[in-house]
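Shown next, in structure tokens, is the structure this report addresses.
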Amino acid sequence: MAARTCTMLAQNSAPPASAIQIVHVDALPNGLRISAGSTILQITALRDDVLRVRAADDGQLPEDASWAVLSSARSASVQTVPEIAGERMGFHTALLRVTCDSTLRLTVTDRAGKVLQQDARPIEWSGHGFHVYKQKFVDAHFFGLGDKPGPLDRVGGAFTMWSSDSFGWQESTDPIYKSIPYFIDYREGRALGVLFDNTWRTFFDFGREVPNQYSFGAPDGPVDYYLMYGPDPKHVVENYAWLTGPTPLPPLWSLGFQQSRYSYYPESRVMEIADRLRADRIPADAIYLDIDFQDHDRPFTVDTERFPHFAQMIHDLAQKEFHVVAITDLHIAKLPNSNYAPYDTGSAGDHFVKNLDATVYTGVVWPGPSVFPDFTRKVTRKWWGTLYKEFVEDGVAGFWNDMNEPAIFNVASKTMPDDVQHRIAEPGFRPRTTLHLEIHNVYGMENSRATYDGLLALRPNERPFVLTRASYAGGQRYAATWTGDNSSTWNHLRMTVPQLLNMGLSGFALSGADVGGFGGSPPPDLLTRWLQLAAFQPIDRDHAAKGTRDREPWVDGPDQEAIRRHYIEERYRLMPYLYTVVEESSRTGLPIMRPLFLEFPNATTDGHPIDLDSGSEFLFGPSLLVAPSPSPEEVGEYEVNLPPGVWYDYWTGERLDRRSQTAARDLEQRDAKQPNKPLLVTPKLADLPVYVREGTILPISPLTQSTDEIPVGPLTLRVYAGDDCRGDLYQDDGKTFAFRSGQFLRLHFSCEVKADGTLAVHLSAREGSMAPWWKQVRIEAFGWTPRSKQATSGGDRYSLTQSGNAWIMTVPEVSSGMDLVLN
């Protein structure tokens, strides 16, 4: 449809009220553009459920470029139907209706008229800065913004996006390491995602300044934000991944247990840790090398006194099935005429950021005076990637980009001066020079991007593993992350769950928190509790600061070690399930660690998120619910509020019918009308409550000591009978991109309890060309009682045996598309 133009009178939003401007309305094929004097407001539909809002007050929309949003998404478009009449200007898609009044206030509703977002006032401009104010409804809840400390729900809080080195951060600290200007507005069971794509220092207020308004703004940069409609929150998360990209499928070993410290040295200490893990039969896949492996803390060097046989050590660790992750901070030691290749080649290529006077900027970090790559230049990122060549040839498996906010010592700001110059030379951007103020929040992301792309160039068919501390929206395309320098306190253990849940909702499916707390020395019980919880985190890394006590799993004696080993072992048994969830995430963007409302958006009668009633509970994938104590240091009993439905105790198989459970935040109201009271759990050090959703078929493997080890024995399918009973399994070589050409295995499972009481289990035909590691399948059926204790498949008969709450059988030869009938 050709653009249609009309003119109308509009009341200026600023006093005096009698001021009038001529408004030009252009009905675009995919939306609307409105001009009022020098102000432009443009709303377009990228999809029926994704809108983009852009505005400017100087007569021209800013450059259409983004570090966060994929070009394929920004160029997407759907046909819209204009609705322009009187002083109302708007359009609709198949799912959404957009209207704008004569003061340029925007309202977005669903097609039934339910308000999803409404401007509380017109955009307020102040010089180069602006604020956008939205109506905040009394029952609104807000989630996202990355790894901000504090509660899961951001309502009532105010936050700043300015990536900051925040050693010793606490619950009220803001900002910290990452800047992810994205959140989900959730109320009455409806979800709307908002991505404010502005890389300057941005601000968010969810009702702190004005209780019935929320706002976001910046001192400079574009008004450019995206609205993603659900109505369910899971669809919003998938839309966000469509905009910014999902986390790519990582190497399988990165999902195993990772042992780290600042720092393991010398070489003999590294081997001692590896040998002890194997001797004590604690499954593990990775060992980290922090900065002390380097020569005088200089990135891309090796201290040959501490590590005289570095390449041989890497080889020997690989023989023991350990992958080494080496730190490579982005600061380059300023060492002219010293035969330090990163500095020499970087200087020769003009790859470092500069001061206003065109001299190279110098700041002090670990190696002393240092210079910093200008990652806004594609050519500089390519150069950075070449620095990994020798490490890659030595066999180093992954890399850790730390200190990349960027962190600078000996200055009050702890980072670069605002006026450091960046020379943008990036496809999709207009070449220009800009201030660090604009680039600061994307600097860490572009560092991890340079690392990821560099590793791909060096090992084109091997999946990179990069861990980054700082990032921006879309940074999940390049790196996993963690919550930075947390502390060895019970409160930091408590904060781990909401931080990681919000990280997952913000696109970073692969995230973790340093197990045991980075700063300080955890008492034995705290370390044990943390290792239990971390077995159900996406990234499971045990890490510690210099000067703290040892915190490897064995440090507190055999009793504590046995508990810790048990949970790490359970993670490895669950690896088929975990890897299947991770592969789903690589396609959909759905997080691995999930808030309850993501899977149960209708669990409450008034539409509030059930997580607000459920302490520290979370989902590990779609099917496992983990319920740590909301006050982990306390010894008294605590409540577990399972979502309504039937659940099973993961450890015992006990069936728990919670279908009559009523969710209510007011405990007195709940207890008065709910006959089925919440579960009461008395904490025991060896126990972490885990529950399985009814209708789950859970794939379990025999225990291995690493993900490189091929399991020996049958694949176990734990069948939890119930409605919509199903499960999936995905596997590939865990290393390469061969899965893209069909070298993978995908299976679907289903079950049904028939009218005659028999349990039918179906194993689908195999998808993909990869052969499974198993020959046999073991069925463990829960929530169902047999009559004859027999099973049939084709003409073959099998016997059922009972163990606890499970009925068990083993199929010696598995065929494609197999049906089993248990009766």
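Taking Asp732 and the conditions (1) open to solvent by less than 30 Å² (accessible area, probe 1.4 Å); (2) of a type in the set (Asp, Glu); (3) at pLDDT below 95, which numbered condition does it fall short on, given that it satisfies the others? Failing condition for Asp732: (3). Check region 704-714 and report whether any residue there is in contact (Cβ under 8 Å) with a residue 40 or more places away in the chain and not in a loop (DSSP other than H, G, I, E, B). For region 704-714, residues in contact (Cβ under 8 Å) with a residue 40 or more places away in the chain and not in a loop (DSSP other than H, G, I, E, B): absent. Restricting attention to region 275-291, the residues that are part of a helix (DSSP H, G or I) and among the β-branched types (Val, Ile, Thr) add up to 1. Pairs linking a residue in region 735-755 that is more than 24 Å from Met818 (Cα to Cα) and part of a loop (DSSP other than H, G, I, E, B) to a residue that is at pLDDT 95 or above and basic (Lys, Arg), with Cβ atoms under 8 Å and 6 or more positions apart or on different chains, are Lys735/Arg463; Phe737/Arg463. Residues of region 82-104 that are part of a strand (DSSP E or B), in contact with a Ser or Thr (Cβ under 8 Å, 6 or more places away or on another chain) and open to solvent by 40 Å² or more (accessible area, probe 1.4 Å): Glu83, Arg88, Arg97. Residues in region 489-501 that are farther than 16 Å from Gly615 by Cβ and crowded, with 24+ Cβ neighbours inside 10 Å: His492 only. Only a single criterion out of (1) in contact (Cβ under 8 Å) with a residue 60 or more places away in the chain; (2) small (Gly, Ala, Ser); (3) not in a loop (DSSP other than H, G, I, E, B) is not satisfied by Ala791, namely (1). Count of region 432-449 residues, restricted to those that are open to solvent by 10 Å² or more (accessible area, probe 1.4 Å), in contact with a strand residue (DSSP E or B) (Cβ under 8 Å, 6 or more places away or on another chain) and assigned to a helix (DSSP H, G or I), is 1. Can you confirm whether Leu688 is closer than 30 Å to Pro523 by Cα and surrounded by 21 or more Cβ atoms within 10 Å (Cβ to Cβ)? Yes; evaluated as a whole, the condition is true for this residue.
Of everything in region 105-131 that's of a type in the set (Lys, Arg) and part of a loop (DSSP other than H, G, I, E, B), which residue is least open to solvent (accessible area, probe 1.4 Å)? Here the answer is Lys114.
Residues of region 522-580 that are buried (at least 24 other Cβ atoms within 10 Å of the Cβ), small (Gly, Ala, Ser) and either assigned to a helix (DSSP H, G or I) or modelled with pLDDT under 95 (or both): Ala534 alone. Screening Asp57 with (1) closer than 17 Å to Ala45 by Cβ; (2) in contact (Cβ under 8 Å) with a residue 60 or more places away in the chain; (3) of a type in the set (D, E, K, R) gives one miss only, at (1). All conditions in (1) touching a Pro at 6+ places or on another chain (Cβ under 9 Å); (2) open to solvent by 10 Å² or more (accessible area, probe 1.4 Å); (3) part of a loop (DSSP other than H, G, I, E, B) hold for Phe137, with the sole exception of (1).
Quick grid of which residues meet (1) touching a strand residue (DSSP E or B) at 6+ places or on another chain (Cβ under 7 Å); (2) in a loop (DSSP other than H, G, I, E, B); (3) closer than 20 Å to Phe167 by Cα; (4) open to solvent by 10 Å² or more (accessible area, probe 1.4 Å):
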| site | (1), (2), (3), (4) |
| --- | --- |
| Thr451 | yes, no, no, no |
| Ala457 | no, no, no, yes |
| Pro464 | no, yes, no, yes |
| Gly484 | no, yes, yes, no |
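Might you check whether a residue that is part of a strand (DSSP E or B), open to solvent by less than 40 Å² (accessible area, probe 1.4 Å) and touching a residue at least 24 places away in the same chain (Cβ under 8 Å) occurs anywhere in region 231-249? Within region 231-249 (the criterion being part of a strand (DSSP E or B), open to solvent by less than 40 Å² (accessible area, probe 1.4 Å) and touching a residue at least 24 places away in the same chain (Cβ under 8 Å)), the answer is no, since none of the residues qualifies. Inspect region 267-274 for any residue being at pLDDT 95 or above, touching a strand residue (DSSP E or B) at 6+ places or on another chain (Cβ under 8 Å) and not in a helix (DSSP H, G or I) and give the result as yes or no. No, because not a single residue in region 267-274 is at pLDDT 95 or above, touching a strand residue (DSSP E or B) at 6+ places or on another chain (Cβ under 8 Å) and not in a helix (DSSP H, G or I).
Annotation: Arg281 fulfils all but one of (1) farther than 30 Å from Phe196 by Cβ; (2) surrounded by 18 or more Cβ atoms within 10 Å (Cβ to Cβ); the unmet one is (2).
Whether any residue in region 368-389 is over 24 Å from Thr481 (Cβ atoms), surrounded by fewer than 16 Cβ atoms within 10 Å (Cβ to Cβ), charged (D, E, K, R) and touching a residue at least 24 places away in the same chain (Cβ under 8 Å) is what I want to check. Yes, the conditions are met somewhere in region 368-389. The sole residue among Glu780, Glu752 that is touching a Cys at 6+ places or on another chain (Cβ under 7 Å) and open to solvent by 20 Å² or more (accessible area, probe 1.4 Å) is Glu752. One residue stands out in region 65-78 among those that are crowded, with 16+ Cβ neighbours inside 10 Å and not hydrophobic (A, V, I, L, M, F, W, C): the one that is farthest from Phe196 (Cα to Cα), namely Arg74. Summed over region 350-372, residues that are within 20 Å of Phe391 (Cβ to Cβ), touching a Ser or Thr at 6+ places or on another chain (Cβ under 8 Å) and not in a strand (DSSP E or B) total 1. The residues listed here are Phe203, Phe196, Phe183, Phe216; of these, the one that is in contact (Cβ under 8 Å) with a residue 12 or more places away in the chain, open to solvent by 10 Å² or more (accessible area, probe 1.4 Å) and under 26 Å from Asp611 (Cβ atoms) is Phe203.
Scan region 257-274 for residues that are of a type in the set (Asp, Glu) and crowded, with 19+ Cβ neighbours inside 10 Å and the total you get is 1.
The values are calculated or read from the model by the stated rules, or taken from the named source; none is laboratory data. Quick caveat: nothing in here was measured; it's all calculated off a predicted structure. Glycine also receives a Cβ, built like all others from the backbone with ideal geometry; neighbour counts cover every protein chain displayed. Accessible surface is based on the protein model in full, side chains and every heavy atom, while ligands, DNA and RNA are left aside. Shrake-Rupley method; radii C 1.70, N 1.55, O 1.52, S 1.80 Å.
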